[in-house]
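All remarks here apply to the structure that follows.
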Amino acid sequence: MSIPNTYQQLLDENAALQARLKETEATLEAIRRGEVDALVVSTEHGRQVYTLEGADQPYRLLIEEMQQGAVTIAPSGIILYTNHFFCEFLGYAPTELIAHCIEDYVAPSEQLRLRQFLAGLATQTSLAEEFAFRHHNELMLPTYVLGNTILIEQTRLIYLVVIDLRQRKLLEQQTVELEVEKQRAKLLTDVMRNLSHDLRTPLATIITSLYIVQRTADEQRRHEKFAEIEEQVFHLSHALEQLQHMVRLDSLNELTLQVGSLNDLILRAVDDRQRDAAQQAIEIVAAITPDRLRVHFDAELIREAINELLLNAIRFSPVGGAIHVCYECLSDGHCLLEVTNAGAGIPAERLRHIFERFYKADEARSQHPSLGLGLSMVKRIIELHHGHIDAQSTPNGLTRFRITLPLAVSSPVTA
């Protein structure tokens, strides 16, 4: 049977409880204010110490040890905190970054875009974008920046995670370089394959003709074989010239363009091909009006492009046919040049490939063998003039090549 506490004992116990309550309230208030580093908590296993500093220590370690940059900045762009990785990434000590504006550490050309990025976080909770940060040694470092807004005691702060993209960019560059090498290897393979195929026939003709010339006394026969040899040598020479010219066009990025008359170039190109056309009784009709049409061009290259289109039309036109050349001004500041011929046409499945190198739409329909580089050279020339070329064709109908070129500002434009 328990003995009842005396009145004094009850008063003492009450006072002790009041003191412990006040102590607990004071401790909680200190916790709220961040004034307490540890708590002593009584449990069934006895008193245990819990350090408040240790509670967030793993997160601090995570931020410091993460392999991305972590930066806290004010809305104005002033850096308030940066982890170790970001400092090493830029090559600065923390004291050289904190209290400075983050704009100072990106490429000058990207400072405005960074300001807009930070301003955008005022209305969006998160944003992501690529930026080039400036290393201490002035080297530009590609990064991917993730931005978030955080609110601490009614103060809006911006938290940035800065991811190093150097390795990824290097891999991308290596991938591009590898693809370029593959394309070069493919091009070289195509060149060798087409050369071995296309040059075999003329070389065989030359060898055979030389053999006959050496063993015949018939002057007429010798004369015919010499003519064949001359024709095949010309074909070989033309093929090699085309290859060299294609290489030169590929090496060009920009041309020095002059303002000149497209009329004159068309008429000169038509005159260049009159002899080839006459051999097949083909008429070239140029619908040229004496206006003041002016175009920005490299005269030699544009004349060559028109020449090649006319030669292509001659090769695939029937004997006694006609080729039409015309142009018109467009309302969008360009001119349209068309070369049209009638013939067997180009099937749709082949039409899409005709501007590819070494592609031959239908060699059987032509009496003039080629490497299949002519139209690809035309396309490259037009591209260097900031123009466009396409083709339209219907079976047993018309084949039309259309070139658009920018007009010079002073050229008349008709609606």
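The values are calculated or read from the model by the stated rules, or taken from the named source; none is laboratory data. Since the model is a prediction, treat every value here as computed from it, not as a measurement. Cβ atoms come from the backbone with ideal geometry, glycine included; neighbour counts cover every protein chain shown.
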- Some residue of the stretch 285-302 being at negative phi, part of a helix (DSSP H, G or I) and surrounded by 17 or more Cβ atoms within 10 Å (Cβ to Cβ): yes
- Query: Here are Glu181, Glu110, Glu130: which of them is surrounded by 12 or more Cβ atoms within 10 Å (Cβ to Cβ) and assigned to a helix (DSSP H, G or I)?
  - Reply: Glu110
- Task: Would you please list the contacts, defined by Cβ atoms under 9 Å and residues six or more apart or on different chains, that run from a residue in the stretch 233-258 that is without any contact (Cβ under 8 Å) to a residue 12 or more places away in the chain to a residue that is polar (S, T, N, Q)?
- Result: His238/Ser370
- Among helices (runs of 4 or more DSSP H) entirely within the stretch 1-92, at least 2 residues that are over 30 Å from Leu139 (Cα atoms) and modelled with pLDDT under 80 occur in 7-33, 52-65
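Per-residue answers, yes or no, for (1) in contact with a helix residue (DSSP H, G or I) (Cβ under 6 Å, 6 or more places away or on another chain); (2) on the phi > 0 side of the Ramachandran plot; (3) assigned to a strand (DSSP E or B):
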position: Glu304; (1), (2), (3): no, no, no
position: Glu308; (1), (2), (3): yes, no, no
position: Cys326; (1), (2), (3): no, no, yes
position: Asp332; (1), (2), (3): no, no, no
- Note on the structure: Across (1) out of contact with any strand residue (DSSP E or B) (no Cβ under 8 Å at 6 or more places or on another chain); (2) touching a residue at least 60 places away in the same chain (Cβ under 8 Å), Phe89 clears everything bar (1)
- May I ask you to verify whether Asp164 is touching a helix residue (DSSP H, G or I) at 6+ places or on another chain (Cβ under 9 Å) and within 25 Å of Glu241 (Cα to Cα)? no
- Message: Could you go through the stretch 248-266 and let me know if any residue there is under 16 Å from Ile403 (Cβ atoms), of a type in the set (A, V, I, L, M) and part of a loop (DSSP other than H, G, I, E, B).
- Response: yes
- Looking at (1) outside any loop (DSSP other than H, G, I, E, B); (2) loosely packed, with under 13 Cβ neighbours inside 10 Å, find the lone condition where Leu236 falls short. (2)
- Query: Within the stretch 349-359, is even one residue more than 29 Å from the chain's Cα centre (by Cα) and either at pLDDT 90 or above or within 27 Å of Leu195 (Cα to Cα) (or both)?
  - Reply: no
- Message: Can you tell me which residue is surrounded by the most Cβ atoms within 10 Å (Cβ to Cβ) among those in the stretch 133-158 that are modelled with pLDDT under 90 and either of a type in the set (Ser, Thr, Tyr) or not in a loop (DSSP other than H, G, I, E, B) (or both)?
- Response: Thr149
- Message: Condition (residue is in contact (Cβ under 8 Å) with a residue 12 or more places away in the chain and of a type in the set (Lys, Arg)) applied to the stretch 179-191: is it met by at least one residue?
- Response: no
- Within the stretch 365-386, can one find any residue that is in a loop (DSSP other than H, G, I, E, B), farther than 26 Å from Ser237 by Cβ, modelled with pLDDT of 90 or more and not assigned by TED's automatic domain parsing to the domain that holds Asp190? yes
